[in-house]
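Have a look at the structure below, then the notes.
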Amino acid sequence: MSRMTHSRSPIEIGRRGLMLILSSPSGAGKTTLTRMLLQDKDVDLTLSVSVTTRERRSSEVDGIHYHFISRQDFERRRADGDFLEWAEVHGNYYGSPRSLVEKVLTQGRDVLFDIDYQGTRQVRQTAPEDVVTIFILPPSMKELQARLERRAEDSADTIAKRLANSRNEIQRWAEYDYVLVNDDLQHTYLQVMTILKGERLRRPRAQNAVTEFVKKLLAE
């Protein structure tokens with residue numbers, strides 16, 4: 001005679017969200033990994049949508065690709081400290097809005113950043129306790145060049161410039177918490193997921209919730 005068993009839902013302790021930063025030289029796989037993470041609904045990551053002062057292209061949607069604002073508004077918000085990181089590129093400002101990211105973190109959800117090493121430095125200085133950084137390396141410079149050429153998007157001169165910039169970016173690997181070699185995309189994705197799962201369980205992220213749970217536990 002079979003006996004029915006009743007499974008109990010696991011106890012979940014609340015936590016503060018984290019900021020997951022992926023960086024890599026062009027062609028190493030950062031953009032593809034970002035897309036894979038965002039498409040996996042079980043991962044529940046929110047992409048940090050940057051603010052910019054450049055003109056919106058016809059194919060872009062405000063609030064999806066960027067938040068488009070005036071230069072005056074950007075400078076005001078920068079003075080108020082509303083950007084986790086910012087930069088000026090080709091005469092236009094770009095920045096990651098602190099207030100929108102903070103709203104997600106306080107909900108116990110995580111935010112994904114697709115930024116370079118300079119932006120990563122700024123975010124780490126601004127919010128060191130909330131940041132987890134991963135740097136993606138190519139398996140070889142020859143393979144990196146082949147990936148850029150397979151895109152068929154850039155001229156030979158542009159590819160040469162990207163490769164030169166890549167050497168400068170690769171030298172920043174030691175500034176990151178984790179460094180992965182993207183030789184196999186699916187394997188690298190699983191490594192990123194392993195890092196994310198482990199970081200979500202770190203005690204400091206759940207400090208307040210665990211403190212309250214322990215108080216109730218010891219009061220029994």
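Counting Lys and Arg as +1 and Asp and Glu as -1, what is the net charge of the other residues whose Cβ lies under 9 Å from the Cβ of Tyr93?
Values: positive: Arg54, Arg71, Arg78; negative: Glu75, Glu88.
So the surrounding residues net to +1.
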Item to complete: Mind telling me which of Ser155, Ser58, Ser140 comes out most flexible in a GNM of the chain, alpha-carbon contacts under 10 Å?
Response: Ser58
Fill in: Lys pairs, the chain - Cα-Cα below 29 angstrom, 8 or more residues apart or on other chains
13
Discussion item. As a test of the formula, what do you get for the chain when each DSSP H run with n ≥ 4 contributes -39,500 (n - 2.57) and the sum is divided by the residue count, at 222 nm and rounded to the nearest 500 deg cm²/dmol?
Written reply: -13000 deg cm²/dmol
Practice prompt. In Å and from the alpha-carbon atoms only, list the Rg and Dmax of the chain.
Written response: 20.5, 76
Worksheet, complete the sentence: segment 19-210: antiparallel bridges as % of DSSP beta bridges, rounded to 5, reads 30 percent
Response to the item:
Under a Gaussian network model of the chain whose springs join Cα atoms within less than 10 Å, the largest fluctuation of Asp184, Asp114, Asp157 belongs to Asp157
Worksheet item: Residues with beta-carbon under 12 Å from that of Glu143, excluding Glu143: net charge, scoring Lys, Arg +1 and Asp, Glu -1?
Response: 0
Fill in: Loop-located trypsin sites (Lys or Arg not before Pro) in segment 127-220, at most 14 other Cβ atoms within 10 Å (DSSP)
Arg202
Worksheet item: What ³J(HN,Hα) values, in whole Hz, does the Karplus curve 6.51 cos²θ - 1.76 cosθ + 1.60 give for segment 14-29 when θ = phi - 60°, with x put for Gly and Pro?
Response: x, 8, 8, x, 10, 9, 9, 10, 10, 10, 5, x, 4, x, 7, x
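If you keep only loop residues by DSSP, which GluC sites (Glu not before Pro) in segment 17-100 have at most 14 other Cβ atoms within 10 Å of their Cβ? Please list the in-between numbers first.
Details: sites: Glu55, Glu60, Glu75, Glu85, Glu88; in loops: Glu55, Glu60.
Passing both the DSSP loop test and the Cβ count: Glu55, Glu60.
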Worksheet entry | In order through segment 190-206: 3J(HN,Hα) via Karplus (6.51 cos²θ - 1.76 cosθ + 1.60), integer Hz, x for Gly, Pro | 5, 5, 4, 5, 4, 4, 4, 4, x, 5, 5, 8, 4, 3, x, 6, 10
Worksheet item: Short version: ³J(HN,Hα) in whole Hz for each residue of segment 76-85, in order, from phi by Karplus 6.51 cos²θ - 1.76 cosθ + 1.60 (θ = phi - 60°), x for Gly and Pro, what are they?
Response: 5, 5, 5, 5, 7, x, 8, 10, 5, 7
Discussion item. Rounded to the nearest 20 debye, what is the charge dipole size of the chain about its Cα centre when +1 sits on each Lys and Arg Cβ and -1 on each Asp and Glu Cβ?
Written reply: 500 debye
Discussion item. For segment 35-77, which trypsin sites (Lys or Arg not before Pro) pass both filters: DSSP loop (anything but H, G, I, E, B) and at most 11 other C-beta atoms within 10 Å?
Written reply: Lys41, Arg57
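No lab work stands behind these numbers, since they all come straight from the coordinates. Everything quoted here is computed from the prediction, not taken from an experiment. A quick note on method: Cβ atoms are made from the backbone with ideal geometry, for glycine too, and the neighbour counts reach across all protein chains shown.
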